[in-house]
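Just below is one structure, and these are the notes that go with it.
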Amino acid sequence: AQSVSQHNHHVILSEAASLELGCNYSYGGTVNLFWYVQYPGQHLQLLLKYFSGDPLVKGIKGFEAEFIKSKFSFNLRKPSVQWSDTAEYFCAVKEGGANNLFFGTGTRLTVIP
Amino acid sequence: SAVISQKPSRDICQRGTSLTIQCQVDSQVTMMFWYRQQPGQSLTLIATANQGSEATYESGFVIDKFPISRPNLTFSTLTVSNMSPEDSSIYLCSVDKGSEKLFFGSGTQLSVL
């Protein structure tokens, strides 16, 4: 079965600091990759996704993620975080053609003003 | 986009009882998904519910424990049957609106005493 690892459980940053959240997955075949975000008191929502093509994917609110196939990784980055980025971030992976979306355990980001 | 209403938002239940969670979508969707998020763990897919057919359950989940209804293209229910404290979790409804983008409900926080 697919497994998705998010090694950072809780990250605390000051505003304007750079962010990188790690995500690794186990499946060796074709994958679709996602980052979801859940702001306090809100629903999970899609931040960005990768299906094919340019491995550097840009999402909403200045976030980007890079798919590195050789490392089975899809790390999320943002050059300068804001207080409003405080949220829980979930990496998710889907095997090509399957319905099941496998989620990581999530990383809580706290940005200090 | 999709607006998903999930009820109840939270409940506290006694061991051995059952709870039915409702999920209403503001537009017609083919595929609806039910996820569970246990404390400190990933979101895990319970089943996929398509209108007009039996739900498809993931490994570790069975229909007797989690019966699902999908009477039309905008509504689904998940029942957690014969509950035990191990069923304490957040249960999430989600829908696929195409382009592999999932929309999530706000979740049902279930506590079983």
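When you go through B:PHE33, B:PHE61, B:PHE66 one by one, which is the residue that is touching a residue at least 60 places away in the same chain (Cβ under 8 Å) and open to solvent by less than 70 Å² (accessible area, probe 1.4 Å)? Working first, answer last.
On the way: B:PHE61 fails: touching a residue at least 60 places away in the same chain (Cβ under 8 Å); B:PHE66 fails: touching a residue at least 60 places away in the same chain (Cβ under 8 Å).
When all the criteria are applied, what remains is B:PHE33.
The number of residues in the stretch B:86-107 that are free of Cβ contacts under 8 Å to residues at least 40 places away in the same chain and either part of a strand (DSSP E or B) or within 14 Å of chain A (Cβ to nearest Cβ) (or both) comes to 4. The set of residues in the stretch A:34-63 that are part of a loop (DSSP other than H, G, I, E, B), open to solvent by 30 Å² or more (accessible area, probe 1.4 Å) and more than 19 Å from A:SER14 (Cα to Cα) comprises A:GLY41, A:GLN42, A:HIS43, A:PHE51, A:SER52, A:GLY53, A:ASP54, A:PRO55.
Candidates are the residues of the stretch B:1-30 that are aliphatic (A, V, I, L, M) and outside any strand (DSSP E or B); the one that is surrounded by the fewest Cβ atoms within 10 Å (Cβ to Cβ) is B:VAL3. Scanning the stretch A:64-95 for residues that are over 29 Å from B:GLN6 (Cα atoms), touching a Leu at 6+ places or on another chain (Cβ under 7 Å) and in a loop (DSSP other than H, G, I, E, B) returns a single hit, A:VAL81. Looking across the stretch B:50-66 at every residue that is of a type in the set (Phe, Trp, Tyr) and part of a loop (DSSP other than H, G, I, E, B), the one that is farthest from B:THR79 (Cα to Cα) is identified as B:PHE61. If you go through the stretch B:12-48 and pick out every residue that is more than 15 Å from B:LYS97 (Cβ to Cβ) and among the aliphatic types (A, V, I, L, M), you end up with 7.
Of the residues B:LEU110, B:LEU73, the single one that is more than 14 Å from chain A (Cβ to nearest Cβ) and open to solvent by less than 20 Å² (accessible area, probe 1.4 Å) is B:LEU110. Checked against the criterion of being within 12 Å of the chain's Cα centre (by Cα), within 14 Å of chain B (Cβ to nearest Cβ), free of Cβ contacts under 8 Å to residues at least 60 places away in the same chain and more than 30 Å from B:VAL3 (Cβ to Cβ), the stretch A:23-36 contains one or more residues that satisfy it. Residues of the stretch B:37-49 that are open to solvent by 40 Å² or more (accessible area, probe 1.4 Å) and not in a loop (DSSP other than H, G, I, E, B): B:THR44 alone. Do we find a residue being without any contact (Cβ under 8 Å) to a residue 60 or more places away in the chain and touching a strand residue (DSSP E or B) at 6+ places or on another chain (Cβ under 7 Å) anywhere in the stretch A:88-98? Taking every residue of the stretch A:88-98 in turn, at least one turns out to be without any contact (Cβ under 8 Å) to a residue 60 or more places away in the chain and touching a strand residue (DSSP E or B) at 6+ places or on another chain (Cβ under 7 Å). Applying the set (1) surrounded by 18 or more Cβ atoms within 10 Å (Cβ to Cβ); (2) in a strand (DSSP E or B) to B:MET83 leaves exactly one unmet item: (2). Looking across the stretch A:12-33 at every residue that is β-branched (Val, Ile, Thr) and assigned to a strand (DSSP E or B), the one that is modelled with the lowest pLDDT is identified as A:VAL31.
For the stretch A:66-113, a tally of residues being open to solvent by 50 Å² or more (accessible area, probe 1.4 Å) and more than 14 Å from chain B (Cβ to nearest Cβ) returns 14.
The values are calculated or read from the model by the stated rules, or taken from the named source; none is laboratory data. The structure displayed is predicted, hence computed values, not measured ones. A quick note on method: Cβ atoms are made from the backbone with ideal geometry, for glycine too, and the neighbour counts reach across all protein chains shown. Only protein heavy atoms, including side chains, enter the accessible area calculation; ligands, DNA and RNA are left aside. Shrake-Rupley method; radii C 1.70, N 1.55, O 1.52, S 1.80 Å.
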